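The values are calculated or read from the model by the stated rules, or taken from the named source; none is laboratory data. This structure is a prediction, so every number in the text was calculated from the model and none was measured. Cβ: placed from backbone, ideal geometry, glycine included. Neighbour counts: every protein chain shown.
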Amino acid sequence: MATISFDLVSPENLVFNDEVGTIIVPGKDGDLGILPGHSKVMSSLRPGRVMVYSEDKNLIKSFFVSGGFAEINPEKCIVLAESVVEVNSLEKTSIEKEIQELENKEGKESEEQLSVAKAKLEAINVNYYDKI
Amino acid sequence: MPSLKDIKTQINSVGSTKKITSAMKMVAASKLRRSQEKAEAARPYSSRLEEMLSSLASSAASGEGIIKLLTGTGNDQNYVVVPVSADRGLCGGFNSSINRETFKLVKSLEGNGKKVQLMPVGKKSRDFFNRVMKDQIIESFVDLNVSSTGYESALNISNKLQELYFDGKFDKCILVFNKFKSAISQEVTQQQLIPLDVSNSEKEEEKENSSNAIYDYEPDEETILKDLLPKNVSIQIFKVLLESDAGEQGARMAAMDNATRNAGEMIDSLTLKYNRTRQAFITKELIEIISGAESI
């Protein structure tokens, strides 16, 4: 089976760069599963999980991104994300605390932060896509 | 004629200055390496973003809402100039060249009848413009520490700029910063930040035009563009901050290297002077003794 090269880039550094089998990215209109030979798509992303699988469909890594863009062509997939964290390194208690603090604040900015934090919490709790 | 003791003290004080400058040089050298790595790590993101943007730019038809970041307000009466300097001195002409260039730019814009406001980044330019054109400063950012705080610091500046822009406070924004060319040379550069200047990336667009044409956009071009444009402003600022940081360390390294060398030369010439004076003193004493002995 063929592979597709995948770059995950944050403003500070190149987080992930390798040949992989499948990638799932959280597109704004719904999740996108990307296999080698995918048609050309440019999509913006919502906060959520970027899942990376090997050729034999084993989960290699899952990242949490707070939004960004994906550029996909048949040989390559590039995800530009504003902040990237590995899902494993997220801590449930600290995020719950953050959500509580944000819920008491008002304003557009904290609303955005709140939705990101909630998406983070969801990313820890859910386990669909773990096996494909 | 200075006494022997005076020269000795002078040698000692130049010696300790030399120690300080050479230590600063070494610190700057290691910081430079780190800043350079940071700047290089940030490059893939910004270049990718630029590519995306240039392939989307053609689809921006009208100048409403966020798209204004690309198309402009239609006026060019009010300017915001953002000089990016260091927070600390002792780095040669790094800060003064930024200040000089910005001052010249502001004067020439004002000469053309434009209204100019300033938003200095870094203590050195803030202090300078606080002295010469205090009433034109709308906001200043100091102690950014871009190499440790990272992207956040750029976001602050970018948010402030966009807030002002969408309030209609200005039409064009120009950054003045030191572009990092190599460890020992920086070049003062002006970059138009708002509205976005896509002309320099257009060449690439032509090259890839055929492949860009068949992209599918999700949700659609305009939505992506609306997300992309504000991000691009932040990322451009981030890139500039990193470049300027690397440039600062480079400039400081070069300046301190020079200072160390000068101190070395000074010590050499002072030591020579010390030895000459000492010899002259001995000779004088001998002559006195001999002539004293002869007279008896």
### Query
Looking at residue B:246, is it out of contact with any Phe, Trp or Tyr (no Cβ under 9 Å at 6 or more places or on another chain), among the small types (Gly, Ala, Ser) and farther than 23 Å from residue B:67 by Cβ?
no
#### Entry: Given (1) within 27 Å of residue B:56 (Cβ to Cβ); (2) touching a Gly at 6+ places or on another chain (Cβ under 7 Å), number of the condition residue A:6 does not satisfy
(2)
### Query
What pairs can you find where one residue is in the stretch A:109-123 and under 17 Å from residue B:152 (Cα atoms), the other is of a type in the set (Ser, Thr, Tyr), and their Cβ atoms are less than 7 Å apart, with a gap of 6+ or different chains?
A:116/A:66
### Residues located in the stretch A:33-51, provided they are within 14 Å of chain B (Cβ to nearest Cβ) and in contact with a helix residue (DSSP H, G or I) (Cβ under 6 Å, 6 or more places away or on another chain)
A:44, A:47
### Query
Going by the structure shown, is residue A:115 surrounded by fewer than 17 Cβ atoms within 10 Å (Cβ to Cβ) and in contact with a Leu (Cβ under 6 Å, 6 or more places away or on another chain)?
no
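Tell me which residues, restricted to the stretch A:20-32, are within 11 Å of residue A:77 (Cβ to Cβ) and either away from chain B (no Cβ under 13 Å) or aromatic (Phe, Trp, Tyr) (or both).
Of everything in the stretch A:20-32, those that are within 11 Å of residue A:77 (Cβ to Cβ) and either away from chain B (no Cβ under 13 Å) or aromatic (Phe, Trp, Tyr) (or both) turn out to be A:20, A:22, A:23, A:24.
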### Task
Determine, yes or no, whether residue B:107 is over 30 Å from residue A:15 (Cα atoms) and under 13 Å from the mean Cα position of the chain (by Cα).
no
### Query
Which of the residues spanning the stretch A:62-87 are over 15 Å from the mean Cα position of the chain (by Cα) and within 15 Å of residue A:9 (Cβ to Cβ)?
A:76
### Query
Taking helices (runs of 4 or more DSSP H) that do not extend beyond the stretch B:90-205, which have at least 2 residues that are hydrophobic (A, V, I, L, M, F, W, C) and in contact with a helix residue (DSSP H, G or I) (Cβ under 8 Å, 6 or more places away or on another chain)?
B:94-111, B:123-132, B:151-166
### Query
Looking at the stretch A:52-60, is at least one residue within 12 Å of chain B (Cβ to nearest Cβ) and either part of a loop (DSSP other than H, G, I, E, B) or farther than 25 Å from residue B:40 by Cβ (or both)?
no
#### Entry: Residues of the stretch B:12-55 satisfying the condition of being over 24 Å from residue B:244 (Cα atoms), at pLDDT 85 or above and not aliphatic (A, V, I, L, M)
B:12, B:13, B:15, B:16, B:17, B:18, B:19
### Query
Is the stretch A:12-24 home to any residue that is more than 18 Å from residue A:119 (Cβ to Cβ), touching a helix residue (DSSP H, G or I) at 6+ places or on another chain (Cβ under 7 Å) and touching a residue at least 60 places away in the same chain (Cβ under 8 Å)?
no
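Could you grab me the full set of residues in the stretch A:88-118 that are within 14 Å of chain B (Cβ to nearest Cβ), in a helix (DSSP H, G or I) and over 26 Å from residue A:14 (Cβ atoms)? Talk me through it step by step, then tell me what you get.
Initial filter on the stretch A:88-118 (within 14 Å of chain B (Cβ to nearest Cβ)): A:107-110, A:112-113, A:116.
Narrowing further to those that are in a helix (DSSP H, G or I): A:108-110, A:112-113, A:116.
Of everything in the stretch A:88-118, those that are within 14 Å of chain B (Cβ to nearest Cβ), in a helix (DSSP H, G or I) and over 26 Å from residue A:14 (Cβ atoms) turn out to be A:108, A:109, A:110.
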### Message
Checking the structure you have, find out if any residue of the stretch A:119-127 is within 14 Å of chain B (Cβ to nearest Cβ) and not in a helix (DSSP H, G or I).
### Response
no
### Query
Do you know which of the residues in the stretch B:220-234 that are out of contact with any helix residue (DSSP H, G or I) (no Cβ under 7 Å at 6 or more places or on another chain) and more than 9 Å from chain A (Cβ to nearest Cβ) is surrounded by the fewest Cβ atoms within 10 Å (Cβ to Cβ)?
B:220
### Query
Just wondering, is there one or more residues in the stretch A:65-87 that are away from every other protein chain (no Cβ under 14 Å) and among the hydroxyl-bearing types (Ser, Thr, Tyr)?
no
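This table checks each residue for (1) surrounded by fewer than 15 Cβ atoms within 10 Å (Cβ to Cβ); (2) at pLDDT 90 or above; (3) not aromatic (Phe, Trp, Tyr).
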| position | (1), (2), (3) |
| --- | --- |
| A:16 | no, yes, no |
| A:22 | no, yes, yes |
| A:25 | no, yes, yes |
| A:35 | no, yes, yes |
| A:60 | no, yes, yes |
| A:73 | no, no, yes |
| A:103 | yes, no, yes |
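The rows are residues; the columns are (1) touching a Lys or Arg at 6+ places or on another chain (Cβ under 8 Å); (2) without any contact (Cβ under 8 Å) to a residue 40 or more places away in the chain; (3) buried (at least 21 other Cβ atoms within 10 Å of the Cβ).
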site	(1), (2), (3)
B:78	yes, no, no
B:82	no, no, yes
B:89	yes, yes, no
B:102	no, no, yes
B:110	no, yes, no
B:119	yes, no, yes
